[in-house]
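Everything below concerns the one structure shown next.
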């Protein structure tokens, strides 16, 4: 399936030209997150989290994570399977409670999912019985926003991700890339100041993936969000992020923190910049792998498989149980 | 028992791409062919039936021919023999479906949610379902009288099981990742039920309803045989036992069959509206 929607954000981004936050006129009328001020958006101190494993005992997924993400920063998290990347993201999102340590988002302690946090899952997770528009409007509907208002806003968001013409399409009628765009638009619906992305483009082919990474940066420039993103692709991490955190295999600890050599704004050319290769090689050396980990690995972000779906604590997410 | 056209491409898509249009015309052509096949099959059945009567030289009281049955049906309808019985049976079916269906939905949901409820209730539910309704019906008529109550109960009992099982399977099959999405958006448990779980379980529930609605017809007839003064089941007994009117017996069977088809089609139409194209 081809993805017939590059016209939107790509061309708009190109028209916006260099300079972050340029040309507010193109902002598609989407309300930007909370006021930008210097400071810390996400703060973790001494966060640990373990999971009960079926036969006996427990498995330590995260150990003593200290992390501080500044407002408007992009932080990428890389690490092998089972290093707790998805767990870390879910702890920040308030979907999993840490066993110990503290989590703060925008200066508030996290006790559960927070409206200032948007989550983009590895799979689009669209409701198949809803149109693209109604999927994007879904968070607003849950929040009790009036119908006309939420549809207007959803329309703006669809335009922002280049899907203006597909408002009434069902997820089954969209390509994989378009579905993930809808997922991103939905994550932006409540105007979050922090966007968490769990391997959002891992299901896409390499070319589409490059384009989506660029579009994500354009989106970031326009929406004034802080981004924490999990990825398996080291070059992708270096290209997108200001900082790359390397997690050690089980239990997940922050092994290293590598600043990206690239400035902002970034362009396609930066994908192949020599600095990227050097930084990526450095990260690979830390991870002790000769090459990229195989892509398309099992979705280790799966939460509880239990019938209730209400208690993801038992069936661990990241502690990859060998398939 | 998945009948005609369960999941058609009914919805109006984005209406954008040419492939979509091609798919729709292909689907329309397929539907036309299906209608043709149904009509042809019906004709073949009628011809074979008539041939059996003529070649076998069967007397009318053993096997009336299709034409005779049709004439009797039209006549009975015009005189007004069929209508009150049809109305009585339809009432029993609708009320029985409602009672059994609601109970099935509730118990099915409970079974999906609580492992304990499943362990405790399942043996009884299965045992009750395995008990022949034919044996139970006279008893229930004895206890509850031959009024509407015993009919609705018998009808409800027979409908309950497929709907309960389908509901359980539907709710158990809800993708936990969608529930996690709901939680990440701070949906309340009630919102998760209404906006995620019920829509996700709906296709399975309608599968159970399709089975249930056909069983409801059988349940109503069986209940009427156990004692009633109106209903298509009563008319069958009358035509066979008191009137020796075999053509009327066949006309009644035809009415029951048509009623079943109509009810099933109603479920399919409602299902298309609620489940739609996914």
Original post:
Which ones in the stretch B:189-208 are more than 10 Å from every other protein chain (Cβ to nearest Cβ) and in contact with a helix residue (DSSP H, G or I) (Cβ under 8 Å, 6 or more places away or on another chain)?
Top reply: B:201, B:204, B:205, B:206, B:207, B:208
Subject >> Number of the exception - residue A:201 against (1) assigned by TED's automatic domain parsing to the domain that holds residue A:257; (2) surrounded by fewer than 21 Cβ atoms within 10 Å (Cβ to Cβ) >> reply: (2)
Original post:
When you scan the stretch A:72-163 for helices (runs of 4 or more DSSP H) that lie fully inside it, which ones turn up with 1 or more residues that are more than 11 Å from every other protein chain (Cβ to nearest Cβ) and more than 28 Å from residue A:242 (Cβ to Cβ)?
Top reply: A:132-142, A:147-160
**OP:** Return only the number of the condition from (1) surrounded by 22 or more Cβ atoms within 10 Å (Cβ to Cβ); (2) facing chain A (nearest Cβ under 10 Å) that residue B:224 does not satisfy.
**Re:** (2)
Subject >> Index of the failed condition, residue B:222 passing every other in (1) free of Cβ contacts under 8 Å to residues at least 40 places away in the same chain; (2) within 16 Å of the chain's Cα centre (by Cα) >> reply: (1)
**OP:** Run down B:259, B:215 and say which single residue is crowded, with 21+ Cβ neighbours inside 10 Å and in the same structural domain as residue B:135 (by TED's automatic domain parsing).
**Re:** B:215
Original post:
Which of the following residues is assigned to a helix (DSSP H, G or I), within 14 Å of another protein chain (Cβ to nearest Cβ) and closer than 27 Å to residue A:139 by Cα: B:177, B:186?
Top reply: B:177
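Is there a residue in the stretch A:191-203 that is over 26 Å from residue A:76 (Cα atoms), more than 13 Å from every other protein chain (Cβ to nearest Cβ) and in a loop (DSSP other than H, G, I, E, B)?
Residues of the stretch A:191-203 that are over 26 Å from residue A:76 (Cα atoms), as a first pass: none.
For the stretch A:191-203, residues over 26 Å from residue A:76 (Cα atoms), more than 13 Å from every other protein chain (Cβ to nearest Cβ) and in a loop (DSSP other than H, G, I, E, B): absent.
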**OP:** Among the residues of the stretch B:26-45, write down those that are over 20 Å from residue B:261 (Cβ atoms) and either outside any helix (DSSP H, G or I) or touching a residue at least 12 places away in the same chain (Cβ under 8 Å) (or both).
**Re:** B:27
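Are any of the residues in the stretch B:242-256 on the phi < 0 side of the Ramachandran plot, within 14 Å of chain A (Cβ to nearest Cβ), in a helix (DSSP H, G or I) and more than 17 Å from the chain's Cα centre (by Cα)? Walk me through it before giving the result.
Of all residues in the stretch B:242-256, those on the phi < 0 side of the Ramachandran plot come to B:242-243, B:245-256.
Still in the list and also within 14 Å of chain A (Cβ to nearest Cβ): none.
Checking the stretch B:242-256: not a single residue is on the phi < 0 side of the Ramachandran plot, within 14 Å of chain A (Cβ to nearest Cβ), in a helix (DSSP H, G or I) and more than 17 Å from the chain's Cα centre (by Cα).
Here's the yes/no breakdown for (1) closer than 30 Å to residue A:39 by Cα; (2) surrounded by 21 or more Cβ atoms within 10 Å (Cβ to Cβ); (3) over 19 Å from the mean Cα position of the chain (by Cα); (4) assigned by TED's automatic domain parsing to the domain that holds residue A:288:
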position	(1), (2), (3), (4)
A:60	no, no, yes, yes
A:94	yes, no, no, yes
A:102	yes, no, yes, yes
A:133	no, yes, yes, no
A:151	no, no, yes, no
**OP:** Say whether the condition of being farther than 18 Å from residue A:256 by Cβ and over 20 Å from the mean Cα position of the chain (by Cα) is met by at least one residue in the stretch A:77-87.
**Re:** no
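The values are calculated or read from the model by the stated rules, or taken from the named source; none is laboratory data. Predicted model only: the values in this text are computed from it and were never measured. Cβ sites come from the backbone with ideal geometry, for glycine too, and all protein chains shown count toward neighbours.
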